[in-house]
1. Rank by packing, highest mean first: peptides 96-106, 77-87, with packing defined as the count of other Cβ atoms within 10 Å averaged across residues.
2. Gain in length, MET28 to VAL57, computed as 0.36 nm per residue apart minus the alpha-carbon separation, to one decimal in nm?
3. What share of Cα pairs, in percent, lie more than 22 angstrom apart in the stretch 1-93?
4. Compute from the Cα atoms of the stretch 15-148 the Rg and the Dmax, the latter being the longest Cα-Cα distance, and quote both in angstrom.
5. Between the stretch 33-95 and the stretch 4-25, how many Å separate their Cα centres?
6. Would you please give the FRET efficiency between ASN97 and LYS142, computed as 1/(1 + (r/R0)^6) with r the Cβ-Cβ distance and R0 = 22 Å, to the nearest 0.05?
7. Using the basic label-point model (7 angstrom from Cα toward the beta carbon), what is the GLU19 to ASP104 distance in nanometres?
8. Find the accessible area per residue for the stretch 4-148; the probe is 1.4 Å, ligands and nucleic acids are left out, and the unit is Å².
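The values are calculated or read from the model by the stated rules, or taken from the named source; none is laboratory data. Predicted, not measured: the structure shown is a model, and the values here were computed from it. Note: ideal-geometry Cβ built from the backbone for every residue, glycine included; neighbour counts use all protein chains shown. Quick note on the areas: whole protein, heavy atoms, side chains included, nothing else; ligands and nucleic acids left out. Shrake-Rupley method; radii C 1.70, N 1.55, O 1.52, S 1.80 Å.
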Amino acid sequence: METRKVKIGISAKQTEGGEGYNAEPVTMNVICEADLTDDGDNIYIEYEEHLSDDGGVTHSKLVFSKNKPETVSLIRSGEVSTVCSFTAGERYACSYNMGGLVLDFCIVTKALKNTLTFDGGNITLNYNMEVRGIVMSRNEYKLTVIKK
């Protein structure tokens with residue numbers, strides 16, 4: 001197992017509602033430190049996020065098998081916890097736990113591009129979040145290793 005410290009850039013855009021709904025997107029751009037790990041079979045990238053206004057920390061980990069990079073899992077723990085999987089064209093049920101408030105939803109991945117290796121690269125996701133079959137948001141997410 002090999003781990004290195006890296007700097008990552010995360011760019012995210014969330015737009016409320018389905019395709020016909022014209023809401024103003026909310027964007028986020030973050031640069032932070034992360035641990036990039038190769039255990040021989042899987043690649044992990046782990047970093048901390050502040051997802052609420054009260055200063056609580058959420059530990060986030062993206063993981064995928066080197067033999068199946070087209071499926072990426074997101075595991076969050078801490079103030080906010082969830083486990084989500086992303087595979088283009090697939091739908092996965094997820095739960096989001098925010099300190100006792102639990103939200104059940106589905107992730108429908110429209111597109112996923114994963115060029116991340118232990119040497120760098122990026123993961124790009126385009127997905128919808130649905131609650132009971134209704135599109136609540138359209139999301140774009142890109143994580144890039146910007147410095148080794």
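1. Going from most to least packed, we get 77-87, 96-106.
2. Working: separation 29, 0.36 × 29 = 10.44 nm, distance 1.69 nm.
In short, 8.8 nm is gained.
3. Considering the stretch 1-93, 39 percent of its Cα-Cα pairs are separated by more than 22 Å.
4. Cα-based Rg and Dmax for the stretch 15-148 come out at 15.0, 44 Å.
5. 16 Å
6. The formula returns an efficiency of 0.30 here.
7. Using points 7 Å along Cα→Cβ, the separation is 2.8 nm.
8. For the stretch 4-148, the solvent-accessible area averages 55 Å² per residue.
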